[in-house]
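Only one structure is covered here, and it is reproduced in the block below.
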Amino acid sequence: MAVSIAILHASAKSCDRIPLDVIWMVMGWSMSPQEVPVSVVELKNRGGDTEKMTINLGVVDLGQIDLLVQEGFYSNRSDLIRTAIRNQLASHADTVKQTVARRTLAVGLQHYGVADLKRIQASGQTLHIRALGLVRIATDVSPALARAAIESVSVLGAFQCSEAVREALADRIS
C-alpha cells in the first residue's frame, strides 16, 4: 500500500502526491511508511472544515463589498472575501508549493490517537509535528502521553486538542 501526502494547489482543482517514504527520508525519520503514526487525509473545502477569522475593513471598502453583494456579484460578504482570498492564494500557488517542500510540511489533515502516540513513545522517538492544514490530537490522549511523545508542534492552519493537552504542550507549540 502506497502512502502519500497530498499537496493541494490553491485552486483546489488538482493536487500532487508525495510518497510518505520520501517525506520520511527528507526529514530523517527512521520509521518506514508501514509504521506511519498518523493518518494523513486530503483537505477539501467543506463547510464543516472552516475556521472563523475576524478582519477589520474601512467603511468605504465595506460599502463597496455591500454594493457588489446587492448587485448580485456575490451571495454575501463572506462569499466575496473567500473568493478574494482564494484568488490571492492562486496567484501565489507556486510560492506556497515551494515553501511547503522546503519546510517539509505535511499538508492536509493529521490525526494522532492514543495508539499512534504510544507507538512513537515505544520506539524511543518523539514527534516534531510540522503541518499546513489541520492537526488533531484525539480527545482521549492524556496530557502526559502527549508530552512524552510530542517534542514540538508548528501548525499553519488549525491545531485541535483538549485544553489539558494544549496546556501540557504550551512550551512546545510555536
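Would you please put 86-96, 137-147, 103-113 in order of how densely packed they are, using the mean number of other Cβ atoms within 10 angstrom per residue and starting with the highest?
Values: 86-96: 12.5, 137-147: 17.2, 103-113: 19.7.
Result, highest mean first: 103-113, 137-147, 86-96.
Simple spin-label estimate for Val69 and Asn87 gives 1.7 nm between the two label positions (7 Å along the Cα-to-Cβ direction from each Cα).
Every read-out reported here was derived from the displayed coordinates using simple, explicitly stated rules and does not represent laboratory data. Worth saying up front: this structure is predicted, and the values here are computed from it rather than measured. Note that we place each Cβ from the backbone using ideal geometry, even for glycine, and neighbour counts take in every protein chain shown.
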